[in-house]
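Everything on this sheet refers to the single structure shown next.
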Amino acid sequence: MSQATQEFGEWPLKRLMTEVCGSGHKSADDLTRAQATEAFERILADEPDHTTLGAFWLANRWKRNTPEELGAYTDVMCERVDYAEPDCDPVDCGANYDGKGRSAILGVAAGAVAAAAGTPVVVHSGDRVPTQKQDAYKHVLDELGVATELTPRDSADMVDETGFGFYYQPAFNPAIDDLFERRDMMGVRTFVNTIETLANPAGASTHLGSFYHLAFAKKVIDTFVESDVHDLDRVLMFQGMEGYDDVRPGYTKVAEWDADGGDGEPAFDDFEIETADYGMDFETEDLAVDDVAVDSARITEAVLSGERDDRFADAIALNAALRIYAREDADSIDDGLAAARDAIDDGSAAAVLEDLRAF
């Protein structure tokens, strides 16, 4: 332990548990930035005993992480990310990596539509990430015949050539991928599930993500602010289906943050999306599918080709509109929706899919 103390500092995870964060969710103290930084450096170096690591992750879950802690964890992770920036500045879409199991994944189609309308989009995920280990972006793209196991540089080239790019976690974020077994053995989500979505491998200036509750959206935005690595211009967070970055039918809360709110100061606001206001009459269960990856791919191809004009087409157009609006390529979601529908109707969205398959 003396060698570990010399290498890492004074805060092995067991000491953090006994002296700081391990006394329960009501009495535990928060970690300082320095403590959180050292803790995650130890974790990524595989230094802690596995039992202690599990206890530390659970203690963080029970007490709930602060933006300062999450910012420190994010920065330690990002120091190990292999960044590859495209020439364009895309929207970074960081959906929950452990995927969806009931409803269609709309982000591939929405990203292609947005790209066809002039808004480049980047998505990223791993492969059956714990704890849910369900379908994510990779699996829909695999079903569509799009290459996914790319180097970060190839992913950046994909964005520039097609307007849409996929970054594969094991390639750009191997330090987090190396935690797969330990995370799988935990059986519950940890703060790693939060920060891996914030890697931003393309170095985009706009992030679009999802949340379950508005308070969590504010925490993610504050995490970006606390991060020394990230320097974002805009963050849009919304309540997604199954926590994914697909807008829910009915009522959806959206949180919007600008680094420059017009007076040189950051601005935070929230607003609501009512799908009925856009003439869309469907419920969450109407977007359910039997096989998420396979059915999502079929829906994507049918909507982009213009062969399908139903609830899925409406949902994809609305999700594309949010991506267009996030990058400020449209002044409103209504304007983004018009651009998205035009991109589908004139065949541009289908052409993006063909370009992706040919890449």
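Yes or no, residue by residue, for (1) aromatic (Phe, Trp, Tyr); (2) out of contact with any strand residue (DSSP E or B) (no Cβ under 7 Å at 6 or more places or on another chain); (3) at negative phi; (4) modelled with pLDDT of 95 or more:
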{"position": "THR131", "(1), (2), (3), (4)": "no, yes, yes, no"}
{"position": "PRO170", "(1), (2), (3), (4)": "no, yes, yes, yes"}
{"position": "PRO174", "(1), (2), (3), (4)": "no, yes, yes, yes"}
{"position": "MET186", "(1), (2), (3), (4)": "no, yes, yes, no"}
{"position": "THR190", "(1), (2), (3), (4)": "no, yes, yes, yes"}
{"position": "LEU198", "(1), (2), (3), (4)": "no, yes, yes, yes"}
{"position": "ALA202", "(1), (2), (3), (4)": "no, no, yes, yes"}
{"position": "ALA215", "(1), (2), (3), (4)": "no, yes, yes, no"}
{"position": "ARG234", "(1), (2), (3), (4)": "no, no, yes, yes"}
query = Looking at the stretch 217-243, which of the residues that are open to solvent by less than 10 Å² (accessible area, probe 1.4 Å) and of a type in the set (Val, Ile, Thr) is nearest to GLY203 (Cα to Cα)?
reply = VAL235
ask   = Among the residues of the stretch 95-113, which ones are in a loop (DSSP other than H, G, I, E, B) and among the basic types (Lys, Arg)?
value = ARG102
remark   = Subset of the stretch 201-216, residues farther than 24 Å from ILE273 by Cβ, of a type outside the set (A, V, I, L, M) and open to solvent by less than 20 Å² (accessible area, probe 1.4 Å), comes to PRO201
key: Those residues of the stretch 122-169 which are in a loop (DSSP other than H, G, I, E, B), under 22 Å from ASP82 (Cα atoms) and of a type outside the set (A, V, I, L, M, F, W, C), in sequence order   = GLY126, ASP127, ARG128, PRO130, THR148, GLU149, THR151, GLY163
Residue, farthest from the chain's Cα centre (by Cα), within the stretch 58-78, restricted to residues that are assigned to a helix (DSSP H, G or I) and β-branched (Val, Ile, Thr) = VAL76
message = If a residue must be assigned to a loop (DSSP other than H, G, I, E, B) and either open to solvent by less than 20 Å² (accessible area, probe 1.4 Å) or acidic (Asp, Glu) (or both), how many such residues does the stretch 282-312 contain?
response = 7
query = Within the stretch 142-176, which residues are open to solvent by less than 20 Å² (accessible area, probe 1.4 Å) and without any contact (Cβ under 8 Å) to a residue 40 or more places away in the chain?
reply = THR148
request  = From GLY118, GLY145, grab the single residue that is of a type outside the set (Ser, Thr, Tyr) and in contact with a Lys or Arg (Cβ under 8 Å, 6 or more places away or on another chain).
outcome  = GLY145
query = Within the bounds of the stretch 107-121, is there any residue that is of a type in the set (Gly, Ala, Ser), farther than 19 Å from LEU356 by Cβ and either modelled with pLDDT of 95 or more or open to solvent by 10 Å² or more (accessible area, probe 1.4 Å) (or both)?
reply = no
task = Sort out for me the strands (runs of 3 or more DSSP E) sitting completely within the stretch 175-281 that have 3 or more residues that are more than 16 Å from the chain's Cα centre (by Cα) and of a type in the set (A, V, I, L, M, F, W, C).
result = 267-274
ask   = Within the stretch 71-105, restricting attention to residues that are aliphatic (A, V, I, L, M) and open to solvent by less than 10 Å² (accessible area, probe 1.4 Å), which residue is modelled with the lowest pLDDT?
value = ALA95
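The values are calculated or read from the model by the stated rules, or taken from the named source; none is laboratory data. Nothing here was measured: the structure is a model prediction, and the numbers come from that model. All Cβ positions, even for glycine, are placed from backbone atoms using ideal geometry, and neighbour counts span all protein chains on display. Calculation scope for accessible area: heavy atoms of the full protein, side chains included, ligands and nucleic acids excluded. Shrake-Rupley method; radii C 1.70, N 1.55, O 1.52, S 1.80 Å.
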